[in-house]
Amino acid sequence: MGGVCIILLVTPCAVLDILTPSYREDAGRKYTYYRNYPYTAFATVNRIKIDAGKEEEYAWLAETEPDNL
């Protein structure tokens, strides 16, 4: 009720859009949906180097349309 969230962190992470007002584009509060992909899916294309063995800790975000609203 009221959009209350609890997040328990076990390892370092990033949290997006957790403290925003409810989405309402007509009130100027635009929303964006993202799909996440494993870092390894695009690592060779973008040539971004990270420490070996840390690939599982990273992901790519791509803007997308919602699948099932």
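Out of curiosity, is residue 24 modelled with pLDDT of 75 or more and surrounded by 10 or more Cβ atoms within 10 Å (Cβ to Cβ)? Judged against the criteria, residue 24 is not a match. If you check 51, 17 for being loosely packed, with under 10 Cβ neighbours inside 10 Å, of a type in the set (Asp, Glu) and modelled with pLDDT under 65, only one passes: 17.
Being modelled with pLDDT of 65 or more, in a loop (DSSP other than H, G, I, E, B) and of a type in the set (A, V, I, L, M, F, W, C): is that true of residue 7 here?
Against the criterion (modelled with pLDDT of 65 or more, in a loop (DSSP other than H, G, I, E, B) and of a type in the set (A, V, I, L, M, F, W, C)), residue 7 qualifies.
When residues of segment 57-69 are filtered for being surrounded by 10 or more Cβ atoms within 10 Å (Cβ to Cβ) and charged (D, E, K, R), how many remain?
Number of matching residues: 1.
The values are calculated or read from the model by the stated rules, or taken from the named source; none is laboratory data. Computed from a predicted model, the values in this text were never measured in an experiment. All Cβ positions, even for glycine, are placed from backbone atoms using ideal geometry, and neighbour counts span all protein chains on display.
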